[in-house]
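Asks: What follows is a single structure, and I will ask about it in a moment.
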Amino acid sequence: MKSTSVIASAIALLSAVTEGHYMFQTVKSGSQGGGVYQFVRKNTNHNSPVVDLGDKDLRCNVGGTSGASTETMPVAAGSTVTFGADTAVYHQGPISFYMTQVPDAKTADGSTPWFKVKDIGPTFAGGQAKWDMSKNYSVKIPSCIAPGDYLLRIQQLAIHNPGGKPQFYISCAQIKVSGGASTLPKPTVSIPGAFKASDSGYTANIYNNFKSYTVPGPSVFTC
Ligand SMILES: *[C@@H]1O[C@H](CO)[C@@H](O)[C@H](O)[C@H]1NC(C)=O
Ligand SMILES: [Cu+2]
């Protein structure tokens, strides 16, 4: 039918123009940081999302397997790091922060064990879910972890389209933690591997009787 093909081509056009997405480009901590892709590895996919649960690009996005041209930002353990995106997040879904300790943040490929530092899920009030859809998201670097190089990873999991595949929007920052202590963070997970197609927070339908939500991945490590 004619109307169907008109709709189909309209949808094709729409998905073509909406391919680029909000990208986390900056990190800041106190007076440190702020430059676009100074301390954050640059993706090469305009954040057209990663959707395959077995994809190594779930670690630091397409183009982010190393960071030779990315600087490493000094951060004291216990301080706050804020990511900034070029435009505010506009697909509903949770935000999570992960870290992995590495010998050298510039060359690390993200194959080392990751621990989760923070989740930002929805809040529920009056039967309505509210998602934090912002340009900036902050995380506190745990005060008890060992000093050294880490990748600090932000992940926004867009679940706005139940029935379609959830979409991962990711960036990794390179940081060098000073101070701290010697607590070994746990639990750790590998990426890919940490997210399963059967996770309730992956399959959730946010439009249908949506009253509670569990962010996918391991539990959050606290000191
Ligand atoms: C918030 O994000 C913007 C980019 O959208 C960035 O320029 C700014 O530095 C960020 N603020 C902080 C505190 O990181
Ligand atoms: Cu989109």
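The values are calculated or read from the model by the stated rules, or taken from the named source; none is laboratory data. What you see is a predicted model, and the numbers here were worked out from it, not measured in a lab. All Cβ positions, glycine included, derive from the backbone under ideal geometry; neighbour counts span all protein chains shown. Quick note on the areas: whole protein, heavy atoms, side chains included, nothing else; ligands and nucleic acids left out. Shrake-Rupley method; radii C 1.70, N 1.55, O 1.52, S 1.80 Å.
Asks: What single numbered condition from (1) open to solvent by 10 Å² or more (accessible area, probe 1.4 Å); (2) of a type outside the set (D, E, K, R); (3) closer than 19 Å to ARG59 by Cβ; (4) within 16 Å of ligand 2 (Cβ to nearest atom) fails to hold for HIS160?
Replies: (3)
The rows are residues; the columns are (1) touching a Lys or Arg at 6+ places or on another chain (Cβ under 7 Å); (2) away from ligand 2 (no atom under 16 Å from the Cβ); (3) more than 22 Å from LYS28 (Cα to Cα).
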| residue | (1), (2), (3) |
| --- | --- |
| GLY84 | yes, yes, no |
| ASP104 | no, yes, no |
| THR107 | no, yes, no |
| SER111 | no, yes, yes |
| ASP119 | no, yes, no |
| GLN128 | no, yes, yes |
| MET133 | no, no, no |
| SER138 | no, yes, no |
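Asks: Considering VAL40, VAL75, VAL62, which residue is β-branched (Val, Ile, Thr) and over 16 Å from LYS176 (Cβ atoms)?
Replies: None of the others qualify; the one that does is VAL62.
Asks: Mind checking which residues of region 77-108 are open to solvent by less than 50 Å² (accessible area, probe 1.4 Å) and part of a strand (DSSP E or B)?
Replies: Once the filter is applied, which keeps residues that are open to solvent by less than 50 Å² (accessible area, probe 1.4 Å) and part of a strand (DSSP E or B), region 77-108 yields VAL81, THR82, PHE83, GLY84, ALA85, ILE95, SER96, PHE97, TYR98, MET99, THR100, VAL102.
Asks: Can you tell which of SER134, SER111 is part of a loop (DSSP other than H, G, I, E, B), under 17 Å from the mean Cα position of the chain (by Cα) and within 16 Å of ligand 1 (Cβ to nearest atom)? Working first, answer last.
Replies: Values: SER111 fails: within 16 Å of ligand 1 (Cβ to nearest atom).
Matching residue, one of SER134, SER111: SER134.
Asks: Just need a number here: residues in region 137-150 that are part of a loop (DSSP other than H, G, I, E, B) and charged (D, E, K, R).
Replies: Qualifying residue count for the region: 0.
Asks: Another question, then. For region 37-76, which positions are surrounded by 21 or more Cβ atoms within 10 Å (Cβ to Cβ), modelled with pLDDT under 95 and either more than 14 Å from the chain's Cα centre (by Cα) or of a type in the set (Ser, Thr, Tyr) (or both)?
Replies: The one that is surrounded by 21 or more Cβ atoms within 10 Å (Cβ to Cβ), modelled with pLDDT under 95 and either more than 14 Å from the chain's Cα centre (by Cα) or of a type in the set (Ser, Thr, Tyr) (or both): GLY67.
Asks: When you go through (1) open to solvent by less than 30 Å² (accessible area, probe 1.4 Å); (2) over 18 Å from the mean Cα position of the chain (by Cα) one by one for PHE168, which number turns out not to apply?
Replies: (2)
Asks: Also, quick follow-up: With the requirement that a residue be surrounded by 12 or more Cβ atoms within 10 Å (Cβ to Cβ) and either on the phi > 0 side of the Ramachandran plot or not in a loop (DSSP other than H, G, I, E, B) (or both), what does region 181-199 give you?
Replies: Correct list: THR183, VAL189.
Asks: If I ask for residues that are within 21 Å of PHE168 (Cβ to Cβ) and either of a type in the set (A, V, I, L, M) or buried (at least 17 other Cβ atoms within 10 Å of the Cβ) (or both), which ones from region 132-150 would you list?
Replies: The answer is MET133, TYR137, VAL139, TYR150.
Asks: Just give me the residues in region 114-131 being open to solvent by 40 Å² or more (accessible area, probe 1.4 Å) and not in a strand (DSSP E or B), in sequence order.
Replies: Within region 114-131, the first condition is being open to solvent by 40 Å² or more (accessible area, probe 1.4 Å), and the residues that meet it are 118-119, 123-128, 130.
GLY126, GLY127, listed by residue number.
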